[in-house]
Amino acid sequence: MACKLHRVRYYNPKPEPINCVSFNKTNKTLAVARSDASIEIWDLNYAPYLIKHIPGAENASVEALGWVNNRLLSTGLGGALLEWDVNTLSIKNTVILTGYAAWCLDVDPNNTLVAVGTEQGYINLYSVEYDDIVYKKLFDKQEGRIMCCKFDKTGKVLVTGSINTIRVWNVETGHATCRISVSRRGNEMIVWCLAVLSDNVVVSGDSQGRLTFWDSVLGEQIESYTTHKSNILSIVVSDDEKNLYCSGVDPVIMNFVKVSKGSGKITGAQWVKNVQRNIHEHQVRALILNGDKLVSVGADGYLTLSSYPPKWVMRIPPMIPTVRSAVCGKNKLLLLRYSNHLEVWKLGAYGTNKNGNVMIADVQSQQNVDKENDNTQLEQDTVILDYKKGNKSSGTQKLKITDKPLKLISVKTKKNKQIVSCALSPDGQFIAYSTDSDVRILKLDTEDEGNISLTKVLISGLSSMCDRMVFSEDSQTLLVHSRGEIKALHVDAQAGATVIQTISTDKYLKSKTALHLHVSKKTPSNNTYVVMSDTEGVVVVWARSHKKFEHHVTLPKYRCVPAALTVDTHNETLIIAYVDQKLIEYDLLNKKLSECGGGEALPAQWVARRNAVASVSVHPGSDALVFQDETSLWIMNKKPTNTNEEPSAKKKFNKNDHRMNLKIIPIKYLAGFHWIGDDEAVTLEILPENIVSQLPPAFVTKRHNMG
């Protein structure tokens, strides 16, 4: 079936650089801190998936992160050590540091001690046990700021790096046992990063691009390599200490391997250069190893995963956490979420003839359309896409535009606070959003495009932050989740918004943080379903047939969290796509679980996916599901097509094979997808070149003797 597609390209949120990361090897979660002081928690057990987001505060900074078991700590220029409650996404403990601003922290291997290095040269040591942070001692004061610190494998030795100096400390006494001077020919040298090996070797990366190996007992240099043309900012060593990676302002990722040398009774080991990877164009600030995959992050804001061999790279673009957008199909309105403001746009319009058929401006192949279209164009509100004709070669028809897209209004938050969640009512009448301190509902009047008005709607019975919110089909009910409670608010422009029902989720869910909150349209059985999933992967359904929502069913818990879910209103089934690419279909009437496709094996392309699904929707015009991720749309028929043709093992795999019942439409980067009619949809695209244009200048090196 052909589909009229609004390709929106005027959504350009600022990419936030990543300052630091910390990896919890126990449950394979990655904490990521960005330059706006926001913290993201990613699940790396399967496809990388963002499960939690803590908004940043204005003028705050996060310079270092650390996991103590499942407790997350951070520090920064505010001069405090913070513990975050990852269940409620709020600050749990605050400890004021000695030495003002802090640049680094490290957790010992036993997960009991935390060392923090500060601006004034103090090392603060804390014990983190029994749900508390207890001051333990201050190490001897040193001159100059402490830029990095690292425990050894025993937790009894701490190594710190500063300007011109590396110090080795006895954790028990707080005294330095060795002082290593790293200055070279009188030039100032900053030690940016450290690694401590089990054979008492300290590895340092400095401001002159040198990777140096030191004997931490004698303080002597063992080996030194000039690997980069500028500052080395990060070093990571594999668990077996056979591989080492380093990178920095010069974004080349250099790999060293440990090899044996000598023969007979005199043997030893030496680190030698292996391969270098040119994955980033901007500075790399942190490296993490997750098994055989290297995670690298930095100024470009991308979360990049790579391996070699085999040579493989996966780049997750910097995006505002979901939900990023919402639509009003009736009035063709589009709500866009940014970090601290919202925009409402009127989508463009296309011409129709006397018979009501759309007017075609041009007919070309998709390849030619992509080449000829100006990427700076605000909206390609111009195409009919027929996905049944194939993938990259699918036919498109450019439509005749009568009205260009128009920005109607912009809504800024108070005190520039970051937005946690937002929603647009289906009738386009109400906008709702939440920050970490308050919730607001605004009445939007767009009847006169020359005089757009916003009116505040009074809210009673709701005060705390909401991490998810969604309107019902009739726009009269707003459902919000706030720290273990789902509240249903009746929304009226004159009377205001009032809480009419509160559902405690404590006895159904394991976490107080919502991952998904979805409300269905009214089904043929006169039910309206509310589906919620928490960050532990529990999925619960409530149903309303008359006035109140009542618990309907709790689904069996799967091994990973749902990546996306929706309700097929016509068939009254719940569709769930999990992070490991598993698809299920749950019969809500009979409370029966089945796999999508009637138990048929999923297409090989689907199973081999590396990206997690970002959204799933039911195709309004055919019996198919539409899945969205950051790089493509996937259209999958719910019922496989029977064929008597036997697949041949020697036959080359064909992406356009109709027996696969799967069509893929590449779009890079895809931030959102919405249906606004039976044959009309919106794609929210962030062009890679628009991300690059907002980044700081890259470190430039000459290659092949050319400028």
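The values are calculated or read from the model by the stated rules, or taken from the named source; none is laboratory data. Being a predicted model, the structure only gives us computed values, none of them experimental. Don't worry about glycine lacking a Cβ; one is built from the backbone with ideal geometry, like all the others, and counts go over all protein chains shown. Surface accessibility is based on the protein's heavy atoms, side chains included, excluding ligands, DNA and RNA. Shrake-Rupley method; radii C 1.70, N 1.55, O 1.52, S 1.80 Å.
Things to note:
- The set of residues in the range 268-300 being among the small types (Gly, Ala, Ser) and in contact (Cβ under 8 Å) with a residue 40 or more places away in the chain consists of Ala286, Ser296, Gly298, Ala299.
- Output for the range 642-699, where each listed residue is part of a loop (DSSP other than H, G, I, E, B), among the aliphatic types (A, V, I, L, M) and at pLDDT below 80: Ala649
- Only one of Leu489, Leu517 that is within 26 Å of the chain's Cα centre (by Cα) and either among the charged types (D, E, K, R) or in a strand (DSSP E or B) (or both): Leu517
- Taking the range 179-226 as the region of interest, the strands (runs of 3 or more DSSP E) fully inside it that hold 2 or more residues being open to solvent by 30 Å² or more (accessible area, probe 1.4 Å) and among the hydroxyl-bearing types (Ser, Thr, Tyr) are 221-226.
- Looking across Lys407, Lys415, one residue alone is under 17 Å from Glu58 (Cβ atoms) and not in a loop (DSSP other than H, G, I, E, B). It is Lys415.
- Residues within the range 405-420 that are more than 19 Å from Leu454 (Cα to Cα) and under 22 Å from the mean Cα position of the chain (by Cα), tallied: 3
- Selected residue [part of a loop (DSSP other than H, G, I, E, B), open to solvent by 30 Å² or more (accessible area, probe 1.4 Å) and touching a strand residue (DSSP E or B) at 6+ places or on another chain (Cβ under 7 Å)] from Tyr100, Tyr11: Tyr100
- Hits in the range 536-572 - residues which are of a type in the set (Val, Ile, Thr) and either over 30 Å from Val499 (Cβ atoms) or surrounded by fewer than 22 Cβ atoms within 10 Å (Cβ to Cβ) (or both): Val538, Val540, Val553, Thr554, Thr566, Thr569
- Residue satisfying all of: in the range 492-510; open to solvent by less than 10 Å² (accessible area, probe 1.4 Å) and out of contact with any Lys or Arg (no Cβ under 9 Å at 6 or more places or on another chain); farthest from Trp542 (Cα to Cα) among these: Gly496
- Of all residues in the range 106-130, those satisfying the criterion of being open to solvent by 20 Å² or more (accessible area, probe 1.4 Å) and within 28 Å of the chain's Cα centre (by Cα) are Asp106, Val107, Pro109, Asn111.
- In the range 262-277, of all residues being of a type in the set (S, T, N, Q) and surrounded by fewer than 10 Cβ atoms within 10 Å (Cβ to Cβ), the one that is modelled with the lowest pLDDT corresponds to Thr267.
- When residues of the range 541-571 are limited to those that are charged (D, E, K, R) and in a loop (DSSP other than H, G, I, E, B), the one nearest to His481 (Cα to Cα): Lys548
- Tally, over the range 668-688, of residues that are open to solvent by 10 Å² or more (accessible area, probe 1.4 Å) and farther than 12 Å from Pro317 by Cα: 8
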